[in-house]
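Worksheet: the structure to be examined is printed underneath.
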């Protein structure tokens, strides 16, 4: 069995697309997933599956949620090695001491024409960003709530993303390591 890390986009945000984590566990278990663990309500899960094609499995999970809950979330599946690579590739190691200020945007595909000029022009003085190996790293020391860069990153990259802060990424990776 393979260990997967599932990052769900757009569930339990702003009172929309509500899916309690215990019900997500049931959905995954009904699909054959084993040893399912979740982390916080924003949609993070670690589990084992016999399915070896992550893309096929992600589509099946999304379809199962749509069938039961009426909405179809984007599901990004990563393997432990991919998450470890994202953590090791962090270009802002000094920002790790502020885990809520460092965000990793996991991309669904590599951007063909990211608009780096506009990204650079809208960032605040303290913000820094980098794109490495399918991950957009954003250090926003003043928070992402008012960050123009955070708000427009997906559009300017030109691909769908789902973001997690450093603390969440590290916790999910720890869960996956314990599960392997």
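Calculated mean residue ellipticity at 222 nm for the chain: -11000 deg cm²/dmol, from DSSP H runs with n ≥ 4 weighted as -39500 (n - 2.57), summed, divided by the residue count and rounded to 500.
Computed from Cα atoms, the angle from the helix 54-69 axis to the main principal axis of the chain rounds to 70 degrees. Taking the inverse of the mean 1/r over every pair of distinct Cα atoms in region 2-82 gives a Kirkwood hydrodynamic radius of 12.4 Å. Does region 86-176 come out rounded, prolate or oblate, given a ≥ b ≥ c as the square roots of the eigenvalues of its C-alpha gyration tensor, rounded meaning a/c under 1.5 and, failing that, prolate meaning a/b above b/c? Oblate, since a/c reaches 1.5 and b/c is not below a/b. Normalised Debye scattering of the chain at q = 0.08, 0.10, 0.13, 0.14 Å⁻¹ gives log10 I(q)/I(0) of -0.25, -0.39, -0.66, -0.76, counting only Cα atoms as equal scatterers and leaving out solvent.
FRET efficiency for the residue 66 to residue 2 pair, using the beta carbon distance and R₀ = 30 Å, is estimated at 0.80. Model label points for residue 59 and residue 41, set 7 angstrom from Cα along the Cα-to-Cβ axis, are 3.3 nm apart. For the chain, the longest principal axis of the C-alpha atoms and the axis of helix 21-30 are separated by about 50°. With a Förster radius of 25 Å applied to the beta-carbon distance between residue 128 and residue 155, the computed FRET efficiency rounds to 0.85. Computed extension gain for residue 146 through residue 116, at 0.36 nm per residue and net of the alpha carbon distance, reaches 8.8 nm.
Packing-based ranking of 162-172, 56-66 yields 162-172, 56-66, ordered from highest to lowest mean Cβ neighbour count within 10 Å. Each of 78, 131 was scored by other Cβ atoms within 10 Å of its Cβ. Listed from fewest to most, they are 131, 78. With 0.36 nm allotted per residue and the present C-alpha distance subtracted, the residue 23-residue 97 stretch has 23.3 nm of extension available.
Bear in mind these aren't lab numbers, they're just calculated from the coordinates by the rules spelled out. As the structure is a computational prediction, the values presented were derived from the model and not from experiment. Note that we place each Cβ from the backbone using ideal geometry, even for glycine, and neighbour counts take in every protein chain shown.
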